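Shown next, in structure tokens, is the structure this report addresses.
The values are calculated or read from the model by the stated rules, or taken from the named source; none is laboratory data. A quick note: this is a predicted structure, and the numbers were derived from the prediction, not measured. Cβ atoms come from the backbone with ideal geometry, glycine included; neighbour counts cover every protein chain shown. Keep in mind that these areas ignore ligands, DNA and RNA; they rest on the heavy atoms of the full protein, side chains included. Shrake-Rupley method; radii C 1.70, N 1.55, O 1.52, S 1.80 Å.
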Amino acid sequence: MNSFSLFRHCLLHQRALFVASHRVERTFVASIRRVDDGCLRKSLFQINLSKVLYHPSAVACQRESRSRRARLSFDEKREKLERKLKSRVNDLRENIATVPNLLTITRIGLTPVISYCVIHGHFLMATNLFVFAGITDLLDGYIARKFPTQKSNLGSLLDPLADKLLISVLTISLTMVNVVPLALTALIIIRDVSLIIAALYIRYLSLPPPRTVLRFFDIQYATTRLYPTAISKWNTAFQIALVAVSIPAPVFGYVDSIALHYMWYLTGATTILSGLSYVFQKGTYKILTKGKVRK
């Protein structure tokens, strides 16, 4: 190889190196430009995003969205609470269309009829109706004990209420015709009225919120079960016996009998003791809560 050929070969090699280095430089510069453009676009995007987010209208929209979410959360909580209350009410509702309750209502309906017969001197008719009322009292208790499906919390309230109403009204009627002394009648009435007021107060305490008049007098909404004391049962028996023997007294002429007078004292004593038993004895009522019993 001569000197000219060697020189020419060196020139070509240097030219190739120059072209390669130029291409590498252009590639590097292009990549740098792409990175710078990406950073610039990202910076501009962040700037524009901050302008959008912190714009007054955007801030107002964000506040409204938070307020809407808070309202939705409150509405959901309220609906959940309403569903809970409805389920609780449904748990405490019961079937009141039972035979014992029908017999008890019949006894309540007979009360003014028997009272009318006593006041107007129809003592024989009053005696027959009173015997029929006593039979209904025995039947409703027997059916409620024999058939559990016929037992209800309303019946535990209506049955003693019907007895008290019958005895109180007939005692007043017999006092009006001078068969039962006024002092005994006043004692019986005071005791029965006090028990009714106490029962209404317990009903108010046992009623879960919201306490409304409609829910208070909703007879299907059972919240309390009443349990009479032993002396109270004896007192009821003596009061019924007193009325039962006093209604036909003018017919058979033993109004001034000493045995009837002893019945007055015995009834008065048990009336006082039964009233005190409800004050000092525990377990006379139980509050029902979600199907459970709370003493």
Quiz item: Looking at segment 84-110, which of the residues that are hydroxyl-bearing (Ser, Thr, Tyr) and modelled with pLDDT of 85 or more is surrounded by the fewest Cβ atoms within 10 Å (Cβ to Cβ)?
Solution: 106
Quiz prompt | Residues located in segment 200-228, provided they are aliphatic (A, V, I, L, M) and touching a Phe, Trp or Tyr at 6+ places or on another chain (Cβ under 8 Å) | solution = 202, 207, 226
Practice problem: Determine, yes or no, whether residue 133 is within 15 Å of residue 248 (Cβ to Cβ) and in contact (Cβ under 8 Å) with a residue 24 or more places away in the chain. | Solution: yes
Quiz prompt | Conditions (1) surrounded by 18 or more Cβ atoms within 10 Å (Cβ to Cβ); (2) more than 47 Å from the chain's Cα centre (by Cα): number failed by residue 268 | solution = (2)
Quiz item: Out of all the residues in segment 112-119, is one or more part of a helix (DSSP H, G or I), within 18 Å of residue 233 (Cβ to Cβ) and open to solvent by less than 50 Å² (accessible area, probe 1.4 Å)?
Solution: no
Quiz item: Do any helices (runs of 4 or more DSSP H) entirely within segment 120-239 hold 2 or more residues that are open to solvent by less than 30 Å² (accessible area, probe 1.4 Å) and either in contact with a helix residue (DSSP H, G or I) (Cβ under 8 Å, 6 or more places away or on another chain) or over 30 Å from residue 266 (Cβ atoms) (or both), and if so, which?
Solution: 123-146, 153-176, 182-206
